[in-house]
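The values are calculated or read from the model by the stated rules, or taken from the named source; none is laboratory data. In this text, all values refer to a predicted model and were calculated from it rather than measured experimentally. No Cβ is skipped: glycine too gets one built from the backbone with ideal geometry, and neighbour counts run over all protein chains shown.
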Amino acid sequence: MAAIHWIVLVNFINFNWLCADKVGILMTILLPELGYTPVNLRALIEYMGCTQAQVAEKIGVSPRVLRKWLTETDKVSHADMPLHQWRKLLAIAQDGA
């Protein structure tokens, strides 16, 4: 998989994540917050046009684990998404899978 370089542009209305691979292809993913959050995970899943089950399969976790990552942080059932899984999902989204 090609290395991904992330550039963040903040315009005070929302966060625009611009990602460019080594050949210069540019793609914009609009994420409402900075970094991994349940809100950003939902936005990324919606951007990809996948179901939660499809995303879970793509990154190699169970749908139950993904649901825990999607749970709001103030809930007991919430679990933080590991950084390597967040990066993996961003790379999948960037590749258009």
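Here are some notes:
- Among residues of the stretch 62-86, those that are in a helix (DSSP H, G or I), of a type in the set (D, E, K, R) and free of Cβ contacts under 8 Å to residues at least 12 places away in the same chain, counted: 2
- Residue check for T28: surrounded by fewer than 13 Cβ atoms within 10 Å (Cβ to Cβ) and at pLDDT below 90: yes
- Selection within the stretch 43-59: residues that are of a type outside the set (D, E, K, R), touching a residue at least 24 places away in the same chain (Cβ under 8 Å) and more than 17 Å from P32 (Cα to Cα). The member of this set that is surrounded by the fewest Cβ atoms within 10 Å (Cβ to Cβ) is I59.
- Filtering the stretch 52-81 to residues that are of a type in the set (A, V, I, L, M, F, W, C) and within 16 Å of N40 (Cβ to Cβ) leaves V55, I59, L66, W69, L70, A79, M81.
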